[in-house]
Amino acid sequence: MTGFRDLKVWQEGKRLAVTIYEITQTGKFARDLGLRDQIRRSAVSVPSNIAEGDERSSNREAVKFLYIAKGSLAELQTQLEIAYEIGYVDQKTIDDLELGCSSLGKMIGSLIKVRTQNQ
């Protein structure tokens, strides 16, 4: 591997963040600046922390940032549920996003496990 861009987990996290930006730029989401900005920050935080962790000099530091990414993912999932319940996203969108978040969470967890074993 030559860096974080080669990590599938980072690629999926970035793809999710781009999707969140696309979803939040139209409709009711576009007018709710508070939730829109918060959900975008959470989404961007996931791949950003994966990248930062991968660039750290030790597995211990990398794991710290992977846990932050996992926490940001949980924050994003919470905000998506709220967005669904207030009618900002439809059932299909929330189902697709939840599936992506769940898969990404498992990937981050697996990377944490590998990095923890190599400390």
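What follows is calculated from the coordinates using simple rules that are stated; it is not laboratory data. Because the structure is a prediction, the values reported are computed rather than measured. Please note: Cβ atoms are built from the backbone with ideal geometry, for glycine as well, and neighbour counts cover all protein chains shown.
Ranking request for peptides 47-56, 20-29, 5-14: highest mean number of other beta-carbon atoms within 10 Å first, then the rest in descending order.
Details: 47-56: 20.3, 20-29: 15.5, 5-14: 17.9.
Those peptides, ordered most packed to least, come out 47-56, 5-14, 20-29.
Each of Thr26, Leu16, Ser57 was placed along the dipole of region 3-69 (beta-carbon charges, centred on the mean Cα), and the one lying farthest toward the positive end is Thr26.
Taking the Cα centre of region 48-119 as origin and assigning +1 to Lys and Arg Cβ atoms and -1 to Asp and Glu Cβ atoms, the resulting dipole is close to 540 debye. Annotation: aspartates and glutamates with alpha-carbon distance below 14 angstrom to Lys106 (same-chain offsets under eight excluded): Glu12, Glu98. Using C-alpha pairs under 8 Å with a sequence gap of at least 6, the mean separation divided by the residue count of the chain gives a relative contact order of 29 percent.
For region 1-110, a simple Cβ point-charge model (Lys and Arg +1, Asp and Glu -1, everything else neutral) yields a dipole of about 240 debye relative to the Cα centre. Between 0 and 90 degrees, the angle of helix 91-117 with respect to the longest Cα principal axis of the chain falls at about 10 degrees. Taking Cα atoms only, the orientation of helix 59-85 departs from the longest principal axis of the chain by about 10 degrees.
Roughly how large, in nm² to one decimal, is the mean projection of the convex hull of the alpha-carbon atoms in the chain? Could the numbers behind the result be given before it?
Values: hull surface 27.3 nm².
Mean orientational projected area (the chain, Cα hull): 6.8 nm².
When you count the other C-beta atoms within 10 angstrom of each residue and take the mean per peptide, 85-93, 103-111 line up highest first as 103-111, 85-93. In region 58-119, Cα pairs under 8 Å separated by at least six residues give a relative contact order of 62 percent. Per-residue ellipticity at 222 nm from helix content only, as computed over the chain with -39500 (n - 2.57) for each DSSP H run of at least four residues, stands at -28500 deg cm²/dmol.
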